[in-house]
1. Quickly run through region 224-248 and pick out the residues that are surrounded by 20 or more Cβ atoms within 10 Å (Cβ to Cβ) and charged (D, E, K, R).
2. So for region 55-65 (the condition being out of contact with any Phe, Trp or Tyr (no Cβ under 9 Å at 6 or more places or on another chain), without any contact (Cβ under 8 Å) to a residue 40 or more places away in the chain and surrounded by fewer than 14 Cβ atoms within 10 Å (Cβ to Cβ)), does at least one residue qualify?
3. Since residue 80 meets every condition but one in (1) buried (at least 17 other Cβ atoms within 10 Å of the Cβ); (2) modelled with pLDDT under 95; (3) of a type in the set (Lys, Arg), which condition does it not meet?
4. State which residue is nearest to ligand 2 (Cβ to nearest atom) when the search covers only region 67-88 and only residues that are within 26 Å of residue 39 (Cα to Cα) and out of contact with any helix residue (DSSP H, G or I) (no Cβ under 6 Å at 6 or more places or on another chain).
5. When you check residue 139 against the structure, is it away from ligand 1 (no atom under 16 Å from the Cβ), at pLDDT 95 or above and not assigned by TED's automatic domain parsing to the domain that holds residue 253, yes or no?
6. Mind listing whichever residues of region 116-169 are farther than 16 Å from residue 331 by Cβ and among the small types (Gly, Ala, Ser)?
7. Kindly indicate the residue of region 315-351 that is in contact with a Lys or Arg (Cβ under 8 Å, 6 or more places away or on another chain) and without any contact (Cβ under 8 Å) to a residue 40 or more places away in the chain and also nearest to residue 134 (Cα to Cα) among those meeting that condition.
8. Filter region 9-41 down to the residues that are of a type in the set (Gly, Ala, Ser) and either without any contact (Cβ under 8 Å) to a residue 12 or more places away in the chain or in a strand (DSSP E or B) (or both), then identify the one that is nearest to residue 189 (Cα to Cα).
Amino acid sequence: MKASIFHAVGEKLTVEDVELDGPRAGEIRLRVQASGLCHSDYHLIAGDNATTTPAVLGHEAAGIVEAVGDGVFGIAVGDRVATSFSAFCGECAQCQTGFNYRCDAKPTGMAREAGSRITWKRRPVYQLAGIGGFAEAVVAHQRSVVKIPEGVPAECAALMGCAVQTGVGAALYGGRVQAGSTVVVIGCGGVGLNVVQGARIAGAAVIIAIDVSAAKLAAARKFGATDTVLGGPDAVAEVLEISGGGVDTAFEVIGLPATLLQAFKMLRKGGTAVLVGMPRTGAEVALPMASLMFNEVRVVGSLMGSSPFQILLPKLARLYRDGKLMLDELVSDRISLGEINEGYARMIKGETRRNVVVF
Ligand SMILES: NC(=O)c1ccc[n+]([C@@H]2O[C@H](COP(=O)([O-])OP(=O)(O)OC[C@H]3O[C@@H](n4cnc5c(N)ncnc54)[C@H](O)[C@@H]3O)[C@@H](O)[C@H]2O)c1
Ligand SMILES: [Zn+2]
Ligand SMILES: [Zn+2]
C-alpha cells in the first residue's frame, strides 16, 4: 500500500510503497477514506517536538474496517470508524478512574510495539499515535478507534478524531464554559474554530476570536464568534475593553508562551486560562504571581478534549446531525497523499481551516 513517510526534520515527506502487517489480536485494519492535517504532526515535521523516524504521521483518520484480529469486540468488518490520538490501556490508574485520554501506559507504546505493523525496505516504520493515518490503510489497536454513526461523511468523521474532539471538548470539559459567560479563543485554526463552536454550544454570551489571519477571523464569526480581534501586542487591551474588564475563560490554541501569557492577562478575577496549543519541548512561561493569588485565576491544560473519545465522538455525531455542530465547513482543501507538504505549507501561512487527504 501507499503511505506518506516522514524521514527527518527539514526533509519533505515522500509517498512510498510499504508493507502492512496484521491485524493481530486486539487490532483492526482500516481502509482509510479521509485523513486530516493537524498542526500536531507539523510540530514533528518542524522539529518542535521529537519523534522516531522513519514515521507515518497522521492521527485524524476515518474509514471502513476491512479486517479484525482475535478478541476484538464491538467492531466488525464493514463498520465505519474514526481514529483518535487517545489510545488507552484500560488498566492504569488514569484509565480506571475515568481519564483514559491521559492514560499512563500510552507514552511507552501501550498495547503494541511502535512501528511493528508497517515496514518499508524491510525496516520498521513508526506509526504516529499507534495510527499513522497518512496511508491508504491503517492497522491500529481497537482502543484507538470508535464507530461513527450513519450520516456523518468520512471527511467530517476524520476531523472529529482530533480537531473537533479537542476543541469542542476543551470548551465543554477542559474549560467548562458556562451559559452566558465570556470567552476568548486565541488561535482559530482547525482546533481553535472548534473551541469557538464548543463555546457557542455551551451557551457563552460573548466569544472573542483572535488570530493573525483575517480569513480565520471571518471563519470564526461563522463558527460562533461574537467579536474578533487581530492578534498582536494590543490584543489584551482590546479584549479587556470588549469584555468590560476580562473574560471568564481564555483559551490558547497555538502553543506559544507569549499567547498563553496574553490569555492569562485577559482573565477577570476568578477566570480560567486553558492551554490547548501544543508547546515546543521545554517551553516555559513566567506568570505574574500576584495575579494568581489576588485574582484567584487558574491556569489549566486540556488534552484531547478532556474527555474519553469513545463517549464524546458519538455525542458530537448527534450534535452534527441536529445541525448544532459545523463539520462540513471545517474542510477547506481536499488533497491527495502526495500533496501533504503543500497542505502544511498552506496551514502555516494561516490559509486553511483544515486540509483533508481524501482517498
Ligand atoms: N491539546 C491537545 O490535545 C491538542 C490536540 C490537537 C492539536 N493541538 C495543538 O493545538 C494547536 C493548534 O492546532 P491547529 O491544528 O488548529 O493549528 P493551525 O495551524 O490550524 O491553527 C493555528 C492558528 O493560530 C494562528 N496564529 C499563529 N500565531 C498566532 C499569534 N501569534 N496570534 C494569534 N494567532 C496566531 C494561525 O493563524 C492559525 O489560524 C497546535 O499546537 C496543535 O499541536 C493540541
Ligand atoms: Zn491532532
Ligand atoms: Zn491506561
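1. Matches in region 224-248: 248 only.
2. no
3. Evaluating residue 80 over (1) buried (at least 17 other Cβ atoms within 10 Å of the Cβ); (2) modelled with pLDDT under 95; (3) of a type in the set (Lys, Arg) leaves (2) as the failure.
4. Among those that are within 26 Å of residue 39 (Cα to Cα) and out of contact with any helix residue (DSSP H, G or I) (no Cβ under 6 Å at 6 or more places or on another chain), it is 81.
5. no
6. 116, 129, 130, 132, 135, 137, 140, 144, 151, 169
7. Top of the filtered list is 333.
8. 36
The values are calculated or read from the model by the stated rules, or taken from the named source; none is laboratory data. Keep in mind it's a predicted model, so treat the numbers as computed, not measured. All Cβ positions, even for glycine, are placed from backbone atoms using ideal geometry, and neighbour counts span all protein chains on display.
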